[in-house]
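Data block below; observations after.
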Amino acid sequence: MTRINVMQPWLGEEEVLAVGEVIRSGWVAQGPRVAEFERSFAQRQDVGYAVATSSCTTALHLALVVAGVGAGDDVVVPSFSFIATANAPTYVGARPVFADVDAETGNLTPETLEAALTERTRAVIAVDQGGVPVDLDALRAVCDPRGIVIVEDAACAIGSAYRDRPVGARADVSAWSFHPRKLLTTGEGGMLTTPHEEWAARARQLREHSMSVSAAARHTQVLAPAEKYLEVGFNYRMTDLQAAVGLVQLDRLDQIVKRRRELATAYQAAIAGLTGLRPVSDPAWGTTNYQSFWVEVLPGYPLDRDGLLVRLAEADVSGRRGIMAAHRQPAYAGRDTGTADLSVTERLTDRTLILPLFHHMTDDELDRVVAVLRRSGR
Ligand SMILES: *Cc1c(COP(=O)(O)O)cnc(C)c1O
């Protein structure tokens, strides 16, 4: 029996060739491939500007800086997310205030957001958790009249759609991840997208030490012009080695999403016949890429979540505990992070698990996973 992993990136000879070309070119740092990847990404995501970064975490940090969030501000974030969502406000001296999520989608709703708002709320980080699109328009109806900026954490959501456009296309600023646990990978890497030209320009400078002239531009001249450092910036650059991989990966996106949705549909059909398991599904306002195919183990099932994970492991199937709750982590446990009720977050984080789902997963492998769910459900 061979191990079925929870995720496996699709990397092929095309990526190997693309990286080889970059190495042979002699320019491996941020340069022409990064610029090309940014253009392709912006086009694909139907958004004005894309700025490549070293990760989604650093893109989230820059997003808050360009949105003008700083010390003394509150930023509402779902606790039900990877820890980076809560860390980004902390980096700019703001306070993350935790909000609860919807039991169906795992995302913020107008109600859970309003329950967490404070006088000082300057921004909200709306996550498309596990790829499920958040209802952005509904959040906007709460935020726009109050002058609150929405940052979309679309780390998981490349290939997901919201109201017939790519996720992230309607936000003031969005952040994306190319970690191997996500649909497209560049090893590590991220992207910031925004329709605002000035925000993109500032993010572009900030990621490169806030240099007045980029290193790639200086390199084109034998006597490089003197540069200035305009504010305290960061080194959050992506390399051309990564961007070359990203360009190949972007071409694979449609196929990846199509196959993931096929596999998810097969899982859903099988699980529909079992009592006590509730799988994630598309919300009314969009489609998910099923970056995480999560299942809630309800009290009607003979095993609890951890028991089922053990059964899966016995069959050499590597499931994962569901999305974490940041407010329970030592990094935030002792801090003042607001007073909102987080009971849905706690329920979902305790009861959900993530099943294997990746592009090259075979129908037989899926059947093997389903067989464990079925056996354990009797
Ligand atoms: C993965 C993830 C991140 C962090 O992405 P990196 O590229 O690893 O920094 C942030 N937010 C969410 C919701 C994620 O799932």
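Each reported figure results from applying straightforward, stated rules to the coordinates on display, with no laboratory input. For clarity, every value in this text was computed on a predicted model and none was experimentally measured. Neighbour counts run over all protein chains shown; Cβ positions are idealised from the backbone, glycine included.
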With the condition kept exactly as written, say whether any residue in region 208-229 is touching a residue at least 24 places away in the same chain (Cβ under 8 Å), touching a Leu at 6+ places or on another chain (Cβ under 6 Å), of a type outside the set (Ser, Thr, Tyr) and surrounded by fewer than 24 Cβ atoms within 10 Å (Cβ to Cβ).
-> no
Which ones in region 141-155 are touching a residue at least 12 places away in the same chain (Cβ under 8 Å) and either more than 16 Å from the ligand (Cβ to nearest atom) or in contact with a Phe, Trp or Tyr (Cβ under 7 Å, 6 or more places away or on another chain) (or both)?
-> ALA141, VAL142, CYS143, ARG146, ILE148, VAL149, ALA154, ALA155
Note down all Cβ pairs under 6 Å where the first residue falls in region 166-187 and is near the ligand (Cβ under 8 Å from one of its atoms), the second is among the hydroxyl-bearing types (Ser, Thr, Tyr), and they're at least six residues apart or on different chains.
-> PHE178/THR185; PHE178/THR186
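I'd like to verify a number: residues in region 115-128 that are in a loop (DSSP other than H, G, I, E, B) and within 11 Å of the ligand (Cβ to nearest atom), how many? Before the answer, list the steps.
Here is the first cut: in region 115-128, the ones in a loop (DSSP other than H, G, I, E, B) are 115-120, 128.
Okay, now just the ones that are also within 11 Å of the ligand (Cβ to nearest atom), so 128.
The qualifying residues number 1.
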Pairs where the first residue, in region 56-68, is in contact (Cβ under 8 Å) with a residue 12 or more places away in the chain and the second is away from the ligand (no atom under 12 Å from the Cβ) and acidic (Asp, Glu), C-beta under 7 Å, 6+ apart = ALA67/ASP172
Please enumerate the residues belonging to region 56-87 that are within 15 Å of the ligand (Cβ to nearest atom), out of contact with any His (no Cβ under 7 Å at 6 or more places or on another chain) and in a loop (DSSP other than H, G, I, E, B).
-> SER81, PHE82, ILE83
Mind listing just one residue for me: the one in region 94-125 that is buried (at least 16 other Cβ atoms within 10 Å of the Cβ) and of a type in the set (S, T, N, Q) and, of those, farthest from the chain's Cα centre (by Cα)?
-> THR121
Criterion violated by CYS143 - all others in (1) over 16 Å from VAL344 (Cα atoms); (2) more than 18 Å from the chain's Cα centre (by Cα); (3) surrounded by fewer than 18 Cβ atoms within 10 Å (Cβ to Cβ) satisfied | (3)
Can you name the residue in region 126-139 that is more than 22 Å from ILE83 (Cβ to Cβ) and of a type in the set (A, V, I, L, M, F, W, C) and, of all such residues, is surrounded by the fewest Cβ atoms within 10 Å (Cβ to Cβ)?
-> ALA138
Going by the conditions given, is GLN30 more than 16 Å from the ligand (Cβ to nearest atom), at negative phi, polar (S, T, N, Q) and not in a helix (DSSP H, G or I)?
-> yes
Kindly indicate the residue of region 88-104 that is closer than 29 Å to SER281 by Cβ and of a type in the set (D, E, K, R) and also farthest from the ligand (Cβ to nearest atom) among those meeting that condition.
-> GLU104
